[in-house]
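Accompanying notes for the structure given below.
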Amino acid sequence: MERLGKYEVGRKLGQGATSSVYLGYDPFARRDVAIKIFSPDVLRDEQNGRIFRHQLKTEASLAGKLVHPHIAQIYDAFISQEMSYIVMEYVAGGTLETFCSVDNLLPLERLVETIFKCTRALDYACRMGVIHRDIKPANILLSSPMAGAGDIKISDFGNAFQTTTDSTQVFGVGSPAYMSPEQLQTPELDHRTDIWSLGVVMYQLLTARLPFMAANNYALINQICNVDAPPPSSFRSDVPAGLDAIVMRAMKRDRTERYGAWDEFSHDLAEVFRSGRLKTQPENFADTQKFEGLRSLAFFDRFTDPEIWEIVRFSRWESVAANAVIMADGAPGDTFCLLFEGELAVAKHGRTISALLPGECFGEMAVIGHSGHVRSADVIARTPAKVITVSGGALRQASNLCRMHFYEAFLDVLAGRLALANAWMSSA
């Protein structure tokens, strides 16, 4: 096995026009990594070397800066005349290209969830001042090659534009089939060019074909800039009208008619889930629904998107029937819950003492302290309800910021209850 700096270099994972990617190992961090090694000849090329060097420096400059559950992290970079490489997170499942063929399309639920996660990652990048400019299936990595499992990571920020640092944009970079009309015509771009590109990816995942197809790049560019693509349902009859509308809005040629913000794109994808038209079982909560649900609750106002994704991973979501006992008086407990939907009653010795409405937290005293705790009241579903449960163990293993924000939210809850108790006593 060869070495490159401190890294052990193994088998080749892939090769592109400017670089080769190898599986590596970082013995200090004890993790597999992907090492992208750039060809010195390509970087010295008289005609395109400037662009390639700019791409290398752009990607290297993002090392440690974009930390998000759905962005492949850049760990390290080394640039010299003789050898240049970038060390990245290793994502083992291949790319979304796997699911762009007619005999291997994703289930609609999985497809929408995948695009939803992309919108959240690109929204984060946008807020960090980064526009990707090369969104395509080959740059969306899969943690698992299975169609119904795993997660996604957006990669390859070599063509990115950093709004906070770049004084000029390199014009004409990207993959023509996925480039927006404005990306083909002007260097003045914003996040809406990535919205277009993600719309094209969604179109391809739905139909196994690109929205614009031509014999050469000149004809392709002419179509992108002047022709409206037919809706995905023209090529696949089972595409719901809601998905048609989302794709077509993302791919509006006039960017002022496109989604103006990533949140709008995310919201419409989540609404498709809520409509029940993707054949998702009501008791199955997709990650998309969980993220949107948590983000909608005031309890999570302080939490960042990466922290919300962290909670999606360790929370348990359940539908409960009316009259179900969720917590029993006197029972030991190391969990707390939030009510997402429905109405609950808090009772003591058979007497109702309060009601809980969506967004309210209960059972948190069991995890605030380090000692064991027993429940001090019954919590019973008055109506069919949806309940989010978090264990004390999961909370203690959460990231420092996530855990801090939970405890701050608990303090808000306790302060509110104390204020209500004081008001009740003063009026008694």
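The values are calculated or read from the model by the stated rules, or taken from the named source; none is laboratory data. Nothing here was measured: the structure is a model prediction, and the numbers come from that model. For neighbour counting, all protein chains shown are included, and Cβ atoms are generated from backbone atoms with ideal geometry for every residue, glycine included.
At a glance:
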| quantity | calculated |
| --- | --- |
| The lone exception for Met404 - which of (1) more than 23 Å from Asn323 (Cβ to Cβ); (2) surrounded by 15 or more Cβ atoms within 10 Å (Cβ to Cβ) it fails | (2) |
| Residue list for the stretch 371-420, restricted to those being among the hydrophobic types (A, V, I, L, M, F, W, C) and either on the phi > 0 side of the Ramachandran plot or touching a Pro at 6+ places or on another chain (Cβ under 7 Å) (or both) | Val374 |
| Close pairs from the stretch 265-284: first in a loop (DSSP other than H, G, I, E, B), partner of a type in the set (S, T, N, Q) and modelled with pLDDT of 70 or more, Cβ under 8 Å, at least 6 apart | Pro282/Ser319; Glu283/Ser319 |
| Failed item in (1) of a type outside the set (D, E, K, R); (2) surrounded by fewer than 17 Cβ atoms within 10 Å (Cβ to Cβ); (3) farther than 12 Å from Phe340 by Cα; (4) in contact (Cβ under 8 Å) with a residue 60 or more places away in the chain, with Ile368 passing the rest | (4) |
| Top-ranked residue in the stretch 322-365 [being among the β-branched types (Val, Ile, Thr) and farther than 14 Å from Ile388 by Cβ; ranked as surrounded by the fewest Cβ atoms within 10 Å (Cβ to Cβ)] | Ile353 |
| Selection from the stretch 201-240 of residues that are in a helix (DSSP H, G or I), over 24 Å from the mean Cα position of the chain (by Cα) and over 16 Å from Ser180 (Cβ atoms) | Tyr218, Ala219, Ser233, Ser234 |
| Test: residue in the stretch 100-107 that is on the phi < 0 side of the Ramachandran plot and touching a Ser or Thr at 6+ places or on another chain (Cβ under 6 Å) | no |
| Those strands (runs of 3 or more DSSP E) lying entirely in the stretch 1-105 with at least 3 residues in contact (Cβ under 8 Å) with a residue 40 or more places away in the chain | 19-26, 31-38, 74-78, 84-89 |
| Unique match (being of a type in the set (Gly, Ala, Ser) and modelled with pLDDT under 90) among Gly392, Gly359 | Gly392 |
| Long-range neighbours under 8 Å by Cβ, at least six apart or interchain, first residue in contact (Cβ under 8 Å) with a residue 24 or more places away in the chain within the stretch 346-363, second part of a loop (DSSP other than H, G, I, E, B) and polar (S, T, N, Q) | Lys348/Ser376 |
| Yes/no for Ala409 being at pLDDT 90 or above and under 18 Å from Val320 (Cα atoms) | no |
| Selection within the stretch 314-346 - aliphatic (A, V, I, L, M) and within 12 Å of Phe362 (Cβ to Cβ) | Ile326, Met327, Leu338, Leu339, Leu344, Ala345, Val346 |
